[in-house]
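A.B. asks: Mind having a look at this structure? Questions to follow.
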Amino acid sequence: MSCHDFRTMLIRLHAQFIKELLCILRDPRNRVVVFVPPLLQLLIFSYAATLEVRNVDIAVYNQDTGREAQEFVWHLEAARFIAQVHHVHSNTALREQLAQGKVIAAITLPADFSRSIAISGSGHVQVLIDGRRSNSGQIVMGYLSSIARDIRFTADTLPVPETSIAVRHWFNPDLDYLWFIVPGLTGTLAFFSALMITALSIARERELGTFDQLLVSPASTLEIVLSKSLPALVISTLLAFLMIAMAIWFFRIPFTGAFGLLLIGLVLFVLSAVGIGLVISAISMTQQQAILGGFVIGVPTVLISGFATPVENMPVLLQWLAQAIPLTHFLIIIEGCFLKALPPRDILDHLWPLAIIALAALPMAMIFARNRLQ
């Protein structure tokens, strides 16, 4: 390619880039749709998608009138995650509370609870958990176990243990769920933003009737793909910066990593999402199909990426599939940069998979777009 041809290509590419930006941002409603919903979703989902369990009700059937049993009940009533402790007077009433969904856990203290502690230094209680809310139930069970461990009786009833365990939580000392959920939401919302903007690009041209103009234009397939990719890259990267700024200054989450490496990871991540979005757009005939395609790809991607559940807990086949998902690698990068000061070597271990995914997705988009242009 001569210098003249290259210069001409840059001029055409610049004109198409401006045209794509105008198509996306010219309408004030489009500007609102592109920027406002993701920022509002970050605010809402950060508090709604909590992994904590709060304001739950618990039923207690206390058959013991001793001091230790009463102290156990007092600790339950003072627990911050419990909204109300329902006191019942029979096993039948206890099970009815659980069966009707009024409580998430039902606790029975036997009549010899205090005496067992006085004699052997330990007591036993029965805890019934509502299995219909399995995840929340397991978390509540952990809270109840913590309460039981933290109770300290007097020396004449409970011997002081010879050994004690001191627990320290690295990277998130107070176990603040916002420190974990907000960086993950930032990556997820940036992924959906880039995916949907590009998924609608070619489909919008086809619906508006301007797609035929691309067939007779001197622009090559590479120029068309680049002109569709660059606006989404700029907008999604800017949106991700705004969410990162909100995480630092609004949510007060410490940023301890290297911002330059995070920027490189963000660009590669958005390019990967853009390539996937262009593939969806190229095979869609209408914008409605493109939107449905975006959700068909986007929702499983988020679920398999490790955003909500660890990838290590998934079947081996899904673990392999997760490595081909750009969000999987970017979540590790952004969460590590915020909380852990992830070393550059560990970041590079996830940058090269992002680069490979982007290099695979963009040529695939070119192939599908070329087939549509022929």
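The values are calculated or read from the model by the stated rules, or taken from the named source; none is laboratory data. As the structure is a prediction and not an experimental result, all values here were calculated from the model. A quick note on method: Cβ atoms are made from the backbone with ideal geometry, for glycine too, and the neighbour counts reach across all protein chains shown. SASA here: full protein model, heavy atoms, side chains in, ligands and nucleic acids out. Shrake-Rupley method; radii C 1.70, N 1.55, O 1.52, S 1.80 Å.
A.B. asks: State which residue is nearest to residue 67 (Cα to Cα) when the search covers only the stretch 122-141 and only residues that are assigned to a strand (DSSP E or B) and open to solvent by less than 50 Å² (accessible area, probe 1.4 Å). Full working, then the answer.
C.D. replies: At the first step, the residues of the stretch 122-141 found to be assigned to a strand (DSSP E or B) are 126-129.
Retained after the next criterion (residues that are open to solvent by less than 50 Å² (accessible area, probe 1.4 Å)): 127-128.
Working: 127: 20, 128: 23 Å.
So the residue we want is 127.
A.B. asks: Moving to a separate point now. When you check residue 193 against the structure, is it among the polar types (S, T, N, Q) and at pLDDT 75 or above, yes or no? Working first, answer last.
C.D. replies: Working: among the polar types (S, T, N, Q): yes; at pLDDT 75 or above: yes.
In short, yes.
Rundown of residues vs (1) modelled with pLDDT under 80; (2) closer than 30 Å to residue 310 by Cβ, yes/no style:
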{"position": "24", "(1), (2)": "yes, no"}
{"position": "38", "(1), (2)": "no, yes"}
{"position": "42", "(1), (2)": "no, yes"}
{"position": "46", "(1), (2)": "no, yes"}
{"position": "52", "(1), (2)": "yes, yes"}
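A.B. asks: Here is a list: 93, 83, 79. Which entry is in contact with a strand residue (DSSP E or B) (Cβ under 9 Å, 6 or more places away or on another chain), over 17 Å from residue 140 (Cβ atoms) and not β-branched (Val, Ile, Thr)? Walk me through it before giving the result.
C.D. replies: Details: 83 fails: over 17 Å from residue 140 (Cβ atoms); 79 fails: over 17 Å from residue 140 (Cβ atoms).
Within the list 93, 83, 79, the selection yields 93.
A.B. asks: What helices (runs of 4 or more DSSP H), lying completely within the stretch 201-301, carry at least 2 residues that are open to solvent by 10 Å² or more (accessible area, probe 1.4 Å) and farther than 29 Å from residue 9 by Cβ? Give the steps one after another, and end with the answer.
C.D. replies: On the way: elements: 201-208, 211-216, 221-249, 259-283.
Per the criteria, 221-249, 259-283.
A.B. asks: Identify all residues within the stretch 57-69 that are touching a strand residue (DSSP E or B) at 6+ places or on another chain (Cβ under 8 Å) and within 15 Å of residue 147 (Cα to Cα); write none if there are none. I'd like the intermediate steps shown before the answer.
C.D. replies: Filtering the stretch 57-69 down to residues touching a strand residue (DSSP E or B) at 6+ places or on another chain (Cβ under 8 Å) leaves 57-64, 69.
Correct list: 58, 60, 69.
A.B. asks: Working only within the stretch 322-374, note down all residues that are β-branched (Val, Ile, Thr) and assigned to a loop (DSSP other than H, G, I, E, B).
C.D. replies: Step one: list which residues in the stretch 322-374 are β-branched (Val, Ile, Thr), which gives 325, 328, 332-334, 347, 356-357, 367.
Scanning the stretch 322-374 gives a single hit, 325.
A.B. asks: From the list 156, 150, which one is under 38 Å from the mean Cα position of the chain (by Cα), at pLDDT below 85 and open to solvent by 30 Å² or more (accessible area, probe 1.4 Å)? Step through it out loud before you land on a result.
C.D. replies: Values: 156 fails: under 38 Å from the mean Cα position of the chain (by Cα).
Result of the check over 156, 150: 150.
A.B. asks: Would you please name the residue that is nearest to residue 181 (Cα to Cα), looking only at residues in the stretch 331-351 that are open to solvent by 30 Å² or more (accessible area, probe 1.4 Å) and in contact with a His (Cβ under 9 Å, 6 or more places away or on another chain)? Steps first, answer last, please.
C.D. replies: The initial filter retains those residues of the stretch 331-351 that are open to solvent by 30 Å² or more (accessible area, probe 1.4 Å), namely 332, 335, 339-341, 343-346, 348-350.
From what's left, in contact with a His (Cβ under 9 Å, 6 or more places away or on another chain): 332, 349-350.
On the way: 332: 12, 349: 23, 350: 20 Å.
It comes out as 332.
A.B. asks: Do any residues in the stretch 312-341 that are farther than 17 Å from residue 270 by Cβ have Cβ atoms under 8 Å from those of residues that are of a type in the set (S, T, N, Q) and in a helix (DSSP H, G or I), where the two are at least six apart or on different chains, and which pairs are they?
C.D. replies: Here the result reads 312/319; 322/328, each pair linking the stretch 312-341 to a residue that is of a type in the set (S, T, N, Q) and in a helix (DSSP H, G or I).
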